[in-house]
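Student: Take this structure first; my questions come after.
The values are calculated or read from the model by the stated rules, or taken from the named source; none is laboratory data. Computed from a predicted structure; not experimentally measured. So basically every Cβ, Gly included, is an ideal-geometry build from the backbone, and we count neighbours across all protein chains shown. Each accessible area value is taken on the protein alone, full model and side chains, heavy atoms only, with ligands, DNA and RNA left out. Shrake-Rupley method; radii C 1.70, N 1.55, O 1.52, S 1.80 Å.
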Amino acid sequence: MEDLQAPVMQLDERVNYILYDRQSSRVLSVLYLIGADIDDYERLLRALVVNLSHMTTSRVVFMLQLEAANETLLHKLFNICWQMKLLNVLAIFESFQFTNTFYSYSPFPSYQLEHRVFHSSSIIFPDRLRDLRGFSVRIAIGGAMPRIIAYYDRQGHIVYRGILGHFMHAFGQKYNCTFTQPMPARPNELLPSTQLIAAVRNDTVDISLAITYPVQLKLQPYSYPYELMNWCMMLPVEADIPRADCYLYVFELQAFVVTVVLLSIISALLSWVLRSEGYSVQLYEFLLHENCVRGVLGQSFHQVRRASMHLSSIYLQITLLGFSITTWYNSYFSAYVTSIPKVPPYRSYDDIMASQLKVVAWEAEYNELLRFLPGIRKYESMFLIEPSFNKFMRMGDSFDTRYGFMTTTSKWMVINEQQTIFRKPLFRIRTDLCFFNNVPLGFPVHENSIYKDIITKLILQLDETGLKSHWSLKGFSELVEAGVMQYLDHSLRLEFRAMKLDDLEYILYGFAFMQVLSLFVFLLEVFVNWLRVR
């Protein structure tokens, strides 16, 4: 080993080394085996698998101290390697220096022993996972729509769509394999992710086609992330303000104050000119003259005969002010009626909790939310907890604007695509009110799975070509094809609506207030006149 031009580590089979976080997976392991008793090798092989944890697809060479090749021993050795997920292995005997023959095995499509003669151009470790030659991979299918869409076709066969169904077909076509399901799935009876993870851990299946998030961010038992999930709130689009509020929004407080100040100035100026010309003027008319109020409101008023130049100019000012205010108010009001403003959006969880809106959450997901975000418990009154998953899905598909919903990125893409056929969108996702962002979702696989690298390679290629995004956008049309959804517009038709009594709410309040005020003034005048008569 001192003469080798590569770094060498000599491992003790009695010690467990953690190599995967310190060493590249492009490592070559060499085992020196003495004798023909396979039982003596098993402990050494198990020590090798422990040291190559998460790296079992790396290359392994067995050097057997036997003069001649022993195929019976090789069959037993390679069968143990296949059980321990050691795929890229070869064995040489002492006769190698004369025969140049080395031995390996291929499990695809079924086990076969290979013996080859070494040449300078020989491929020693072929890429066996490039073509599985029709090998049957054990899979389990589950999860929730729209990631996985399952339905029966006209011939009664199960069809899988969605980003997971398309991934399954792409995997089979690219690597030339078939699939078997030890845990058969049916439409409307897809297995939850927890059962699929357990099936991978106990080696019931090779791959679980139900992406989920890694527990405590331990990524080794999962594939490369297939999706980065945002878990946010889907809230109704802000509604139009009530029609009655248009009268208040048009005439703001500042404009009202400026108008009253101008009226007072013109009233004082008019009263002073009238008194200087010998006309009788009451003291209160200096504050607000009746002619000014009538002129600004567009009503007729009494004008003195043969008005002087000063009075005529003041009357002209009153006319121009009334014309400006009336035109300004009507134009603003027309703009508000034709394009009604929206109510202010929710800015925080506190705003939602203070409103009448309830956010619907599936009980299992809500419990997971509390596990990762205990602080969200103080907003418990904001949620409407639904224990039934099927009812939760039905409520989410109903587009009921009385509720908000907890939704994921993949689900929102389907909803957003469905809303393109609406006259106006009913919901929008609130990226500023997300519980989690960029949560990595991957396929549960065995930590030493031989398929882990090729799954990663396929995921990266699908991202690079844009196929995964294309499949996500097709989610709604595939749900319609499966009979789960329909091309139906859930938005309300925009039709002409005659003015109702409720639209004049604040006008009637003002009218009632002025009626009471005028009655009070009338009674006050009667009382003052009675005092004068007494």
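Student: State yes or no: is PRO425 touching a Leu at 6+ places or on another chain (Cβ under 7 Å), not basic (Lys, Arg) and not assigned by the TED database to the domain that holds CYS81?
Tutor: no
Student: A further question on this structure: With the checklist (1) over 24 Å from ARG59 (Cα atoms); (2) open to solvent by 60 Å² or more (accessible area, probe 1.4 Å); (3) touching a Ser or Thr at 6+ places or on another chain (Cβ under 9 Å) in hand, flag the one item ARG133 doesn't pass.
Tutor: (1)
Student: Somewhere in region 276-284, is a residue out of contact with any helix residue (DSSP H, G or I) (no Cβ under 7 Å at 6 or more places or on another chain), at pLDDT 85 or above and not basic (Lys, Arg)? Break it down into steps so the answer makes sense when it comes.
Tutor: At the first step, the residues of region 276-284 found to be out of contact with any helix residue (DSSP H, G or I) (no Cβ under 7 Å at 6 or more places or on another chain) are 276-280, 282-284.
From what is left, the residues that are at pLDDT 85 or above are 276.
Checking the rest, the ones that are also not basic (Lys, Arg) come to 276.
Scanning region 276-284 turns up at least one residue that is out of contact with any helix residue (DSSP H, G or I) (no Cβ under 7 Å at 6 or more places or on another chain), at pLDDT 85 or above and not basic (Lys, Arg).
Student: While we're on this one: Where in region 1-120 are there helices (runs of 4 or more DSSP H), lying wholly inside it, with at least 3 residues that are at negative phi and out of contact with any strand residue (DSSP E or B) (no Cβ under 9 Å at 6 or more places or on another chain)?
Tutor: Working: elements: 39-51, 71-83, 96-99.
Where helices (runs of 4 or more DSSP H) fall fully within region 1-120 and carry at least 3 residues being at negative phi and out of contact with any strand residue (DSSP E or B) (no Cβ under 9 Å at 6 or more places or on another chain), they are 39-51, 71-83.
Student: Another one. So for region 174-186 (the condition being under 27 Å from the mean Cα position of the chain (by Cα) and of a type in the set (Gly, Ala, Ser)), does at least one residue qualify?
Tutor: Taking every residue of region 174-186 in turn, at least one turns out to be under 27 Å from the mean Cα position of the chain (by Cα) and of a type in the set (Gly, Ala, Ser).
Student: Sticking with this structure for a sec: Among the candidates ALA68, ALA91, ALA47, which residue alone is aliphatic (A, V, I, L, M), out of contact with any Lys or Arg (no Cβ under 7 Å at 6 or more places or on another chain) and loosely packed, with under 15 Cβ neighbours inside 10 Å?
Tutor: ALA68
Student: With the requirement that a residue be within 60 Å of the chain's Cα centre (by Cα) and of a type in the set (S, T, N, Q), what does region 275-316 give you?
Tutor: Across region 275-316, the qualifying residue is only GLN299.
Student: Just name the residue that is least open to solvent (accessible area, probe 1.4 Å) out of those in region 245-291 that are within 29 Å of LEU501 (Cα to Cα) and not in a helix (DSSP H, G or I). Before the answer, list the steps.
Tutor: First pass over region 245-291, keeping only residues within 29 Å of LEU501 (Cα to Cα): 245-257, 259-260.
Subset that is not in a helix (DSSP H, G or I): 251-252.
On the way: PHE251: 54, GLU252: 109 Å².
The extreme case among them is PHE251.
Student: Residue pairs, Cβ under 8 Å, 6 or more apart or interchain, first in region 355-382 and under 15 Å from GLY396 (Cβ atoms), second open to solvent by 50 Å² or more (accessible area, probe 1.4 Å) and assigned to a helix (DSSP H, G or I). List them.
Tutor: Matching pairs, first to second residue: TRP362/PHE389; ALA364/PHE389.
Student: Can you find, within region 330-356, the residue that is surrounded by the most Cβ atoms within 10 Å (Cβ to Cβ) among those that are of a type in the set (Ser, Thr, Tyr) and closer than 12 Å to ILE241 by Cα?
Tutor: Per the stated criteria, the residue is TYR336.
Student: Among the residues of region 200-244, write down those that are among the β-branched types (Val, Ile, Thr), more than 21 Å from the chain's Cα centre (by Cα) and either crowded, with 19+ Cβ neighbours inside 10 Å or assigned to a helix (DSSP H, G or I) (or both).
Tutor: Answer for region 200-244, where residues must be among the β-branched types (Val, Ile, Thr), more than 21 Å from the chain's Cα centre (by Cα) and either crowded, with 19+ Cβ neighbours inside 10 Å or assigned to a helix (DSSP H, G or I) (or both): VAL200, VAL205, ILE207.
Student: Can you name every one of the helices (runs of 4 or more DSSP H) wholly within region 300-405 that holds 1 or more residues which are of a type in the set (S, T, N, Q)?
Tutor: Output list reads 309-338, 363-372, 389-397.
Student: Within region 171-187, identify whether any single residue is in a loop (DSSP other than H, G, I, E, B) and polar (S, T, N, Q), and answer yes or no.
Tutor: yes
Student: Could you grab me the full set of residues in region 148-170 that are hydrophobic (A, V, I, L, M, F, W, C) and either more than 16 Å from LEU191 (Cβ to Cβ) or open to solvent by 10 Å² or more (accessible area, probe 1.4 Å) (or both)?
Tutor: Matches in region 148-170: ALA150, ILE158, VAL159, ILE163, PHE167, MET168, ALA170.
Student: What helices (runs of 4 or more DSSP H), lying completely within region 429-534, carry at least 3 residues that are free of Cβ contacts under 8 Å to residues at least 40 places away in the same chain?
Tutor: Counting at least 3 such residues, we get 452-465, 505-533.
Student: Another question, then. Only one residue in LEU488, LEU523, LEU494, LEU508 is open to solvent by 80 Å² or more (accessible area, probe 1.4 Å) and at pLDDT 85 or above, so which one is that? Can you show your working first?
Tutor: Values: LEU488 fails: at pLDDT 85 or above; LEU494 fails: at pLDDT 85 or above; LEU508 fails: open to solvent by 80 Å² or more (accessible area, probe 1.4 Å).
Answer to the selection: LEU523.
Student: Within the group LYS452, LYS468, which residue is modelled with pLDDT of 90 or more and closer than 22 Å to SER25 by Cβ?
Tutor: Checking each option against the conditions leaves just LYS452.
Student: Now for a separate question. Being modelled with pLDDT of 90 or more and under 24 Å from THR194 (Cβ atoms) is true for just one of PHE405, PHE389. Which residue is that?
Tutor: Values: PHE389 fails: modelled with pLDDT of 90 or more.
Exactly one of PHE405, PHE389 is modelled with pLDDT of 90 or more and under 24 Å from THR194 (Cβ atoms), namely PHE405.
Student: Quick one: would you say ILE376 is among the β-branched types (Val, Ile, Thr), open to solvent by less than 40 Å² (accessible area, probe 1.4 Å), touching a helix residue (DSSP H, G or I) at 6+ places or on another chain (Cβ under 8 Å) and within 30 Å of VAL50 (Cα to Cα)?
Tutor: no
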